[in-house]
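Following: one structure in C-alpha cells, then a few remarks.
The values are calculated or read from the model by the stated rules, or taken from the named source; none is laboratory data. Since this is a predicted model, take the numbers as computed values, not measurements. We place every Cβ from the backbone using ideal geometry, glycine too, and count neighbours over all the protein chains shown.
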Amino acid sequence: QAIHLKDYAPPPYLIDTVDLAFDLGEDVTRVRSRLAIRANPDAASPAGALVLDGQDMRLVSVALDGRTLDPSEYSVGPESLTIPGPPEAFSLEVVTELKPQENTSLSGLYRTSGNFCTQCEAEGFRKITYFLDRPDVMARYRTTITADALKYPVMLSNGNLVASSKMEGDGRHTVTWEDPFAKPSYLFALVAGVLVHVEDSYVTRSGRTVTLRIYVEPGNQDKCGHAMASLKKSMAWDEEVFGLEYDLDIFMIVAVGDFNMGAMENKGLNVFNTKYVLAKPETATDTDFLGVEAVVAHEYFHNWTGNRVTCRDWFQLSLKEGLTVFRDQEFSSDMHSRPVKRIADVQRLRAAQFPEDSGPMAHPVRPDSYIEINNFYTTTVYEKGAEVVRMIHTLLGADGFRKGMDLYFERHDGQAVTCDDFVAAMEDAAGKDLGQFRRWYSQAGTPELAVTGEYDAAARTYRLTVRQSCPPTPGQPTKLPFHIPLALGLLDPSGADIPLRLAGEPGPAGTSRVLDVTGPEQVFEFVDVPRQPVPSLLRGFSAPVKLRAPYTDDDLTFLMAHDGDAFNRWEAGQTLATRLLLDLVADRAENRPLELSPGFIDAFSRILKDPDLDPAFAAQALTLPSEGYLGQQMPVIDVDGIHEVRTFARRAIAGRLRDDLLATYRAMGGNEPFSIDAAAIGRRALKNLALGYLMALEDAEAVELCVGQFHNAQAMTDVIAALGLLADTRLPQRESALRRFYDLWKDEPLVVDKWFSIQAMSERPETLDEVAALLAHPAFEIRNPNKVYALIGGFAGGNPVRFHDAGGGGYRFLADQVLALNRLNPQVASRMVKMFARWRKYDPRRQSLMRAELERIVATPGLSRDVFEIASKSLEAS
Ligand code: ARG
Ligand code: ZN
C-alpha cells in the first residue's frame, strides 16, 4: 500500500498539450479532455500500456486519434483507465461526468458557497479527468468553460483569457483560457461563480504591466486591501532580492470559504482560504494580518519556486515548500523585525515540528515512503525544510546563496527536479561541498548538540567541545553525523563580544562566526581570550537542533541582559524559565511549596521597564514557555502539573510586578489611529501581554480594564485579547461578552471561527461539554474546514489540560469527530487524528485511553487512506 522513493521511474508517456472543455451543471458537470500524448524517449523501458489515473467519476467515452473506442478496447478500474497498446504518438479524447456538489473532500472540483472551485494538489486532478497525474508530466493547458451566465458570471482558469462569448439563447456563456507555460496537473485551477473583484496593477522591473485581481464573494471587497498591498510588496521583493519577475499579464487570487489548507499556488490563479485574504482592523487580528501577508507572499513566490521549477515526484515536496517557506520568512523579516520574526518561526518549529520529529510520524524532509501524500504536507517538509534551506544560506552566505539560486533557475527552468538538484546547484555555484549536508534531507529526527566550554587562564584559550547525536526514528535506528552550522560568539564580563580566532588561524576575525560541526565530537580552541567568557551558542538558531549547554542560572540571566544576538537574548530567558518551571513541576509532584525565584522576577521586571526595548521583542521575552513546550521537556508529560505551575508562575509575576504591568498597559495603550506597521503591532502585543498578566490576578481593576477593552476597542486584536481572557474566568461578564460578540459578528464567518476557538480553548472544566454542544450550534458546519480547525482543533490542539483530562472524555470526543470527518473529508480527518500521535508521552492511564481510541478508529470499516496511515503508524512505532 505504501509508495517508495526508490521505486521512482520516469513516466512511460508524456503529455504535451491538454485541451479541456467544462460544461458546468447543477446536477452533472461534463468534462471533455483532449490530450496530445507520446511515448517518453527517456523512459526506462518501452512504453507499453497507457495507464491514466482517475477516480470518483463516470467515464462517458474514450476516443483515440478521432475514433471512439469500444469498451472492450480499454479497461476502467476504481483508480485508473488502461489502454493496452497505444501508438507512439496519438491524441486521446476522454469525456467524464462529475458531481461537484457531492464532493465534500474539497479535492478535485467542488462547490463552495454555490461557486465552483478546484484544488488539484497533490492528486485532485484525477478526480476531474483521466490523466498522468504526476508532477513530472508537464503540459500546456487550454481550458474552455461553459455555464449559466447568471449563476456563474465569472469563469476563471490559468493563464490568459483568449476568448469569451456572450449569453447564448439558452442563457449560457463560454470563456477560453490559455496558459503558455507548461505545468504539472496539480497546478491546474478553475473557478466559476458570483464573484466581485478588486483590481490593481504592478509594473515589473523590465517595464511590463501586470493586472492584479483579488476575487471575493460580494460584500467582502472592503477586506482586500491588505492582501493586495502584500502582493505588490512580494512582487517587488522577489525582483530585488532574487531578480525574479512575474511572467504572465494577469495574476489572480480567489478567496473561498471552504478550503482544506491555507492557499494554493495554481499558475496565475491562486486559490486562497478566505482566512488568508480577508482582513480589516475591525475583523482581523494582527496575527491574521501577518498571516495574510505571509501566505500571499508564499503563494506568489511559488511562481518561481514550485511552478517554473517544480518537483519530479511528491517525495521532493520540500524542494518547493521548504524553499518557498524560507523565502516567505525572509520576506516577512525584511518587512518587519527580523529577530521578532525569527523567534516566532522557532517557536512554531519547536511547538509542532520537534514533536513530529520525535513521534511515530517522524520522517525525513524528503520522505522515503508514504501511503497518502496528503499526509506529508507536514511541518517537517515545510518548516524543517525551510530550516535546511536557511542552513545552506548560512553556510554559503547571502551572495553564495543568490548565485546558487541563479544557477538553479538557469539549469532547471521549465523542469521537474529533485532536492538533490537544488543542493547541487548551490554547491556548484558557491564551490562548497554539501555532500555530508545532504543527510538533512534523508535522516529524520532532531539532532542534539551538547556543548561544553573550558577556559585556560594561563594559556588564554577557550576550548569548546561539541558533541552531536540524533535519536532513532521509525525505520532509522542509527544516524550518521550531520553537517551543522553552529553560529556563536563569546561574551566578556562586560557583555561585549570578544574577537574570535581559532588556534592556527591568522589575524583576528569578527566577533560572531559559524563553526562547521561535522563529526560526532569536535573540539574548537579559541586563542587570545583575555578572560573567562560566557558563550552565546547557536545564535539566531543557526540549526534546527536541541542545544544542551551547562549554563548556570547566572549565565542565562547575563545572556538575557547582554547578548548582542537578540534571538539568543530571548532564548536565554526561555531556557531559564523552562528550567525554573520544570523545577516547580517537580516540587508540586512531591508536595513541596511552590516559590518562584526572585531573581527571575527581577529579570522580567528589567525587561518590562527597559524603555529602549522593542515592545514586540519585550512581549516575546515576557511570555513563559507554552504548556506544550514544557511538556516536551519531560520524559512523561505531567499535564496537570504543568498547567497548575504555569498558572502559579503567571500569578506570582503579576503579583510582584502589578504596578509595572499597569504602567506598561497604559503606556502601550495610546489612542493613536489603527495602523498595521511593526511598531503598532508590537505595542498592541505588549499591551495585551500586560493585560494577560493582570488578569491572572483577576482583581477588580484588571477585570475593569479587560471588560472595558472588550467593549471599547476598535481593533479585533484588542477585542479578542480581552475576550480570550474573560473566557477563562467564571466572571458574570464572561457570558455577556461571548453573547455580545456573537451577535455583533454572526455574519462574518472568520470572526465566528474566533468565537468558536476561544470557547474551545477555555481552561474551565466545563469546556468539553460546551464544545460538544457547540457542534450543534447553527453557525457550526462540519463540512467547513475552518470551523473544524477552530472548534475541534482548538480544543484538541490548543487546550492540553482539557483535552487530556484524565477522564478520557476529550479523547472519545476527538475520535468520534475523526470518524465523522473520515466519511466527509479525509484530509481534515487526518489532521485531527494526528492529535493522538504522541500518546506514548503520557502516563499509563492516559496512554491506554488514547490507544483505545486509536484502535477503535483503525477497526472502523471504510477508513480513508489518510486516517488509516496516521492511526496505524501511531499504534505501530514505539
Ligand atoms: N502548495 C500549497 C502551499 O503550500 C499547499 C497545498 C496543499 N494541499 C493539499 N491538499 N495537500 O501553498
Ligand atoms: Zn507552499
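Under the condition of being among the aliphatic types (A, V, I, L, M) and within 11 Å of ligand 1 (Cβ to nearest atom), the residues counted in region 268-293 number 1. Output the qualifying pairs, or none if there are none: Cβ atoms under 7 angstrom, residues six or more apart or on different chains, first residue in region 248-266 and free of Cβ contacts under 8 Å to residues at least 40 places away in the same chain, second residue assigned to a strand (DSSP E or B) and within 16 Å of ligand 2 (Cβ to nearest atom). As it stands, the answer is 262/273; 263/270; 263/271; 263/272; 263/273, since those pairs meet every condition given.
Scan region 281-320 for residues that are among the hydroxyl-bearing types (Ser, Thr, Tyr), within 16 Å of ligand 2 (Cβ to nearest atom), more than 17 Å from residue 214 (Cα to Cα) and within 16 Å of the chain's Cα centre (by Cα) and the total you get is 1.
On the basis of being touching a residue at least 40 places away in the same chain (Cβ under 8 Å) and either touching a Gly at 6+ places or on another chain (Cβ under 6 Å) or buried (at least 24 other Cβ atoms within 10 Å of the Cβ) (or both), does residue 310 make the cut? Yes, satisfied. Evaluated against (1) in contact (Cβ under 8 Å) with a residue 40 or more places away in the chain; (2) over 25 Å from residue 491 (Cα atoms), residue 659 falls short on exactly one condition, (1).
Taken across region 102-121, residues that are out of contact with any strand residue (DSSP E or B) (no Cβ under 9 Å at 6 or more places or on another chain), over 20 Å from residue 146 (Cβ atoms) and within 16 Å of ligand 2 (Cβ to nearest atom) do not occur at all.
Got at least one residue in region 321-338 being part of a loop (DSSP other than H, G, I, E, B), within 16 Å of ligand 2 (Cβ to nearest atom) and buried (at least 24 other Cβ atoms within 10 Å of the Cβ)? No: region 321-338 contains no residue that is part of a loop (DSSP other than H, G, I, E, B), within 16 Å of ligand 2 (Cβ to nearest atom) and buried (at least 24 other Cβ atoms within 10 Å of the Cβ). Taken over region 746-784, the residue count meeting the criterion of being under 22 Å from residue 259 (Cβ atoms), of a type in the set (A, V, I, L, M, F, W, C) and not in a helix (DSSP H, G or I) is 4.
When 192, 147, 163 are checked against the criterion of being surrounded by fewer than 18 Cβ atoms within 10 Å (Cβ to Cβ) and among the hydrophobic types (A, V, I, L, M, F, W, C), a single residue qualifies: 163. For the condition more than 11 Å from ligand 2 (Cβ to nearest atom), among the aliphatic types (A, V, I, L, M), over 19 Å from the mean Cα position of the chain (by Cα) and over 30 Å from residue 411 (Cα atoms), residue 241 does not qualify.
Every residue, every condition in (1) surrounded by 21 or more Cβ atoms within 10 Å (Cβ to Cβ); (2) modelled with pLDDT under 95; (3) farther than 29 Å from residue 414 by Cβ, yes or no:
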residue: 35; (1), (2), (3): yes, no, no
residue: 46; (1), (2), (3): no, yes, no
residue: 82; (1), (2), (3): no, no, yes
residue: 88; (1), (2), (3): no, no, no
residue: 91; (1), (2), (3): no, no, no
residue: 114; (1), (2), (3): no, no, yes
residue: 140; (1), (2), (3): no, no, no
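Among the residues of region 523-538, write down those that are over 21 Å from residue 579 (Cβ atoms) and touching a Leu at 6+ places or on another chain (Cβ under 8 Å). Across region 523-538, the qualifying residues are 523, 524, 525, 526, 527, 529, 533.
Yes/no per residue for (1) out of contact with any Leu (no Cβ under 8 Å at 6 or more places or on another chain); (2) small (Gly, Ala, Ser); (3) in contact (Cβ under 8 Å) with a residue 12 or more places away in the chain; (4) not in a helix (DSSP H, G or I):
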| position | (1), (2), (3), (4) |
| --- | --- |
| 540 | yes, yes, yes, yes |
| 551 | no, no, yes, yes |
| 561 | yes, yes, yes, no |
| 591 | yes, no, no, yes |
| 599 | yes, yes, yes, no |
| 605 | no, yes, yes, no |
| 612 | yes, no, no, yes |
| 617 | yes, no, yes, no |
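On the stretch given as region 298-313, residues that are more than 10 Å from ligand 1 (Cβ to nearest atom) and assigned to a helix (DSSP H, G or I) total 1. Residues satisfying the criterion are absent from region 714-724 (criterion: farther than 16 Å from residue 284 by Cα, in a helix (DSSP H, G or I) and out of contact with any Lys or Arg (no Cβ under 7 Å at 6 or more places or on another chain)). Looking across 340, 256, one residue alone is of a type in the set (Val, Ile, Thr) and within 14 Å of ligand 1 (Cβ to nearest atom). It is 256. It is to be established whether one or more residues within region 246-263 are in a helix (DSSP H, G or I), modelled with pLDDT of 95 or more and within 16 Å of ligand 2 (Cβ to nearest atom). No: zero hits. Got at least one residue in region 169-176 being crowded, with 23+ Cβ neighbours inside 10 Å and either closer than 29 Å to residue 748 by Cβ or of a type outside the set (Val, Ile, Thr) (or both)? No, the conditions are met nowhere in region 169-176. In region 794-872, counting only helices (runs of 4 or more DSSP H) that sit wholly within it, the ones holding 2 or more residues that are among the aliphatic types (A, V, I, L, M) span 809-824, 826-833, 844-858.
Picking from residues in region 267-280 that are more than 18 Å from the chain's Cα centre (by Cα) and closer than 19 Å to residue 119 by Cβ, the one that is nearest to ligand 2 (Cβ to nearest atom) is 267. Exactly one residue among 584, 547 is within 17 Å of residue 486 (Cα to Cα) and either in contact with a Ser or Thr (Cβ under 7 Å, 6 or more places away or on another chain) or aliphatic (A, V, I, L, M) (or both), and that residue is 547.
Annotation note: Cβ proximity below 6 Å between a residue of region 53-71 that is part of a loop (DSSP other than H, G, I, E, B) and a residue that is polar (S, T, N, Q) (sequence gap 6+ or interchain) occurs for 57/96; 65/91.
Of all the criteria given as (1) closer than 30 Å to residue 875 by Cα; (2) crowded, with 19+ Cβ neighbours inside 10 Å, the one not satisfied by residue 417 is (1).
Looking at the structure I just gave you, is residue 266 in a loop (DSSP other than H, G, I, E, B), of a type in the set (S, T, N, Q) and farther than 22 Å from residue 341 by Cβ? Against the criterion (in a loop (DSSP other than H, G, I, E, B), of a type in the set (S, T, N, Q) and farther than 22 Å from residue 341 by Cβ), residue 266 qualifies. Of everything in region 369-426 that is more than 27 Å from residue 516 (Cβ to Cβ) and touching a Pro at 6+ places or on another chain (Cβ under 7 Å), the residue that is farthest from ligand 1 (Cβ to nearest atom) is 416.
So that you can scan it fast, the table gives a plain yes or no per residue for (1) of a type in the set (D, E, K, R); (2) under 19 Å from residue 599 (Cα atoms); (3) under 27 Å from the mean Cα position of the chain (by Cα); (4) crowded, with 22+ Cβ neighbours inside 10 Å:
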site: 532; (1), (2), (3), (4): no, no, no, no
site: 538; (1), (2), (3), (4): no, no, yes, yes
site: 549; (1), (2), (3), (4): no, no, no, no
site: 555; (1), (2), (3), (4): yes, yes, no, no
site: 559; (1), (2), (3), (4): no, yes, no, yes
site: 562; (1), (2), (3), (4): no, yes, no, no
site: 573; (1), (2), (3), (4): no, yes, yes, yes
site: 583; (1), (2), (3), (4): yes, yes, no, no
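Considering (1) surrounded by fewer than 21 Cβ atoms within 10 Å (Cβ to Cβ); (2) closer than 25 Å to residue 397 by Cβ, the lone condition that residue 568 does not fulfil carries the number (1).
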